[in-house]
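The values are calculated or read from the model by the stated rules, or taken from the named source; none is laboratory data. This one's a predicted model, so the numbers in the text were calculated from it and none came from an experiment. Here the Cβ is made from the backbone with ideal geometry for all residues, glycine too, and neighbour counts use every protein chain on show.
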């Protein structure tokens with residue numbers, strides 16, 4: 001019998017592909033997520049760092065500065081001597097913030113990787129036992145100064161600044177008229193030196209009462225300042241030891257304009273002629289219309305005002321003196337056997353560069369600066385930025401010195417230069433330092449030391465010029 005059945009083949013690999021071809025299924029490997037994701041994250045971090053690295057560096061720098069400021073502000077209190085507090089403290093009536101007032105925190109700097117104080121005072125217990133060293137014979141080539149004076153005719157009640165000036169210069173009856181020939185002779189160091197040094201005539205002005213003169217004659221060490229024309233306020237000294245309070249005179253020179261200005265603000269001079277620690281000396285008949293020149297008299301001529309003083313510290317009226325005076329003398333003079341200490345200039349080193357800056361900042365007229373620099377070039381003042389290893393340019397807001405014939409001569413010469421030329425004393429300081437070969441014991445201390453000595457408050461108001 002014939003078999004009529006149909007055989008059908010069934011396969012699991014059957015497909016809908018009409019061509020009948022078999023589709024090959026390719027198995028893809030599953031990627032592991034871990035390493036690739038970590039790589040993407042790292043790339044993002046690198047991209048962010050490359051984009052924002054300046055901001056990150058700034059943030060780090062600011063953090064470090066804040067940390068260092070905190071360290072300085074919280075310095076070792078044992079290095080500061082006992083502070084004397086006063087009930088009366090003139091803090092200024094201008095309404096300006098007094099952020100630096102009464103700060104005693106030390107100023108520091110990094111030297112060879114180590115942070116140290118800029119002004120290295122003795123410990124407080126040693127400051128309390130400081131005394132003036134005994135006078136010893138000086139090896140200075142100048143042994144004696146003779147101040148040139150003259151009795152000039154004067155009609156009572158007719159003191160007039162405008163008629164006292166000689167030959168169209170700023171020389172007057174207070175200064176005398178120093179000729180160029182006398183100027184040259186004054187720079188020649190001799191054992192006995194004759195020189196113009198203010199107070200030329202009894203009728204030249206800068207009048208002080210007999211009572212105040214008597215007080216000034218008692219001073220052996222003096223810290224002095226001045227404010228003429230109602231300029232700056234009077235900031236009480238701080239940081240001094242009990243020993244200094246007993247041995248140091250604090251003297252502020254005022255004129256009648258400043259006295260009236262301060263009294264209007266409620267700052268009264270008491271029955272002892274004092275405000276706080278300062279003895280206020282009232283000066284009448286100021287000899288110059290330019291109040292800056294009037295301020296040079298107590299600044300440069302303390303040896304004329306305090307005839308028995310052995311040491312003086314000058315502090316500009318824009319600053320608050322904040323260290324122990326005897327400690328400052330020990331640190332800046334006695335320890336190094338120096339006779340004069342003054343701060344280096346912070347911005348420039350050359351007097352000729354400073355002259356350009358003075359004109360640019362309108363501190364003096366181009367004509368008067370040109371006359372001064374022309375004379376200095378004619379005299380041979382070099383462009384050097386250092387004389388005998390010392391920086392040529394000084395910032396004279398603080399002057400610490402021993403009163404010796406040589407330093408007194410230096411200050412007289414310096415005063416005569418600011419009278420003859422401009423009132424900007426930093427222009428004449430390098431010249432006098434260069435010309436006067438006999439003065440070598442000078443401590444030109446760094447700017448950070450000056451900042452440690454005072455709290456800088458800035459000028460409060462412009463001084464009023466004298467009018468006649």
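Here's the yes/no breakdown for (1) exposed (fewer than 14 other Cβ atoms within 10 Å of the Cβ); (2) out of contact with any strand residue (DSSP E or B) (no Cβ under 9 Å at 6 or more places or on another chain); (3) modelled with pLDDT of 95 or more; (4) part of a loop (DSSP other than H, G, I, E, B):
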{"residue": "163", "(1), (2), (3), (4)": "yes, yes, no, no"}
{"residue": "178", "(1), (2), (3), (4)": "no, no, no, yes"}
{"residue": "222", "(1), (2), (3), (4)": "no, no, yes, no"}
{"residue": "250", "(1), (2), (3), (4)": "no, no, yes, no"}
Counting only residues that are assigned to a helix (DSSP H, G or I) and crowded, with 24+ Cβ neighbours inside 10 Å, the range 315-331 contains a total of 5
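Yes or no, residue by residue, for (1) farther than 21 Å from residue 349 by Cβ; (2) in contact with a helix residue (DSSP H, G or I) (Cβ under 8 Å, 6 or more places away or on another chain); (3) assigned to a strand (DSSP E or B); (4) at pLDDT 95 or above:
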| residue | (1), (2), (3), (4) |
| --- | --- |
| 401 | yes, yes, yes, yes |
| 414 | no, yes, no, yes |
| 418 | no, yes, no, yes |
| 428 | no, yes, no, yes |
| 438 | yes, yes, no, no |
In this structure, does residue 422 turn out to be at pLDDT 90 or above and part of a loop (DSSP other than H, G, I, E, B)?
yes
The correct count of residues that are surrounded by 24 or more Cβ atoms within 10 Å (Cβ to Cβ) and assigned to a loop (DSSP other than H, G, I, E, B) in the range 287-305 is 2
Cβ pairs under 8 Å, 6+ apart or interchain, first in the range 111-136 and at negative phi and loosely packed, with under 10 Cβ neighbours inside 10 Å, second modelled with pLDDT of 95 or more and assigned to a loop (DSSP other than H, G, I, E, B), ordered by first then second residue, are 135/310
Residue set 336, 312, 349; condition in contact with a strand residue (DSSP E or B) (Cβ under 8 Å, 6 or more places away or on another chain), touching a residue at least 60 places away in the same chain (Cβ under 8 Å) and part of a loop (DSSP other than H, G, I, E, B); output residue 336
Given (1) surrounded by 17 or more Cβ atoms within 10 Å (Cβ to Cβ); (2) in contact with a helix residue (DSSP H, G or I) (Cβ under 8 Å, 6 or more places away or on another chain), residue 382 misses just (1)
When (1) within 14 Å of residue 415 (Cβ to Cβ); (2) modelled with pLDDT under 95 are applied to residue 318, the one that fails is (1)
Do we have any residue at all in the range 269-278 that's surrounded by 23 or more Cβ atoms within 10 Å (Cβ to Cβ), at negative phi and under 26 Å from the mean Cα position of the chain (by Cα)?
yes
Yes or no: the range 203-211 includes at least one residue that is part of a helix (DSSP H, G or I), at pLDDT 95 or above and surrounded by fewer than 16 Cβ atoms within 10 Å (Cβ to Cβ).
yes
| message | Among the residues that make up the range 358-372, is at least one of them crowded, with 22+ Cβ neighbours inside 10 Å, over 20 Å from the mean Cα position of the chain (by Cα), in a helix (DSSP H, G or I) and touching a residue at least 12 places away in the same chain (Cβ under 8 Å)? | response | yes
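With the requirement that a residue be in a loop (DSSP other than H, G, I, E, B) and touching a residue at least 40 places away in the same chain (Cβ under 8 Å), what does the range 252-269 give you?
Those that are in a loop (DSSP other than H, G, I, E, B) and touching a residue at least 40 places away in the same chain (Cβ under 8 Å): 265, 266, 267.
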